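The values are calculated or read from the model by the stated rules, or taken from the named source; none is laboratory data. Everything numeric here is computed off the predicted structure, so don't read it as measured data. Neighbour counts are summed over all protein chains in view; Cβ atoms, including those assigned to glycine, are modelled from backbone coordinates with ideal geometry. Just so you know, the surface numbers come from the protein's heavy atoms only, side chains and all, with ligands and any DNA or RNA stripped out. Shrake-Rupley method; radii C 1.70, N 1.55, O 1.52, S 1.80 Å.
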Amino acid sequence: MNSKIASAARLSLTIFAFVAGGTGIARAELPSTKVPVQEGYEASAQIGSGFVDTYGLGLGARFGYTSSNGIYVGGDATYYFGNTVASATGHISAHTTFVGGEGGYEFFPDPRWEVRPYVFFGPAFIHTVQAVPFASESVTRFAVQPGLLTAYHFGGAFVSAEAKVHVTPNPTAFTVFGGTGLGF
């Protein structure tokens, strides 16, 4: 019976060693399909919309750095032109400015295509207006905006499309942007 246990133990160790790659037998290496991250700085400009009164036409700028392991850190500023309403003293327009930092992870499923999930954090300077009943309010709040950016690279330049959700502050919104930029 002890020989059966010993044989089973040897077989288990042999299988484990083979699976773990410790057999000493040369294995064929598969070619790597991982596309390297494009390390370095980038700057870009965006245009888009939030499709709600306060986040109408949006203009943005971004500057950041991607490390060799794909970690992205950067800064972003976005300004939204909002709706305009008439008041007793004239026309008043809604507008919003976001200025803050971004953190994300970049990967390249193809040498030209980049995918970057990210999160924006920073202050939001919001001015809302409504017509009936007339109301106008300016507030500063902390903003959190998770998003997803995709970009097509050609040389040092790229075009991008992104979508993000304005989780905080109110009004919440889903926004989309198109952009262009340069890596260096």
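Measuring nothing but protein heavy atoms, the accessible surface of region 52-184 at 1.4 Å probe radius is 69 percent carbon and sulfur. Label sites at TYR79 and LEU148, each approximated as a point 7 angstrom past Cα along Cα to Cβ, lie 3.1 nm apart. Stretching VAL159 away from ASN69 to a fully extended chain increases their span by 30.2 nm, per 0.36 nm per residue minus the current alpha-carbon distance. A DSSP coil position with no more than 15 other Cβ atoms inside 10 Å describes the following chymotrypsin sites (Phe, Trp or Tyr not before Pro) in region 37-90: PHE51. Note that region 66-151 presents 49 Å² accessible area per residue, ligands and nucleic acids not counted, probe 1.4 Å.
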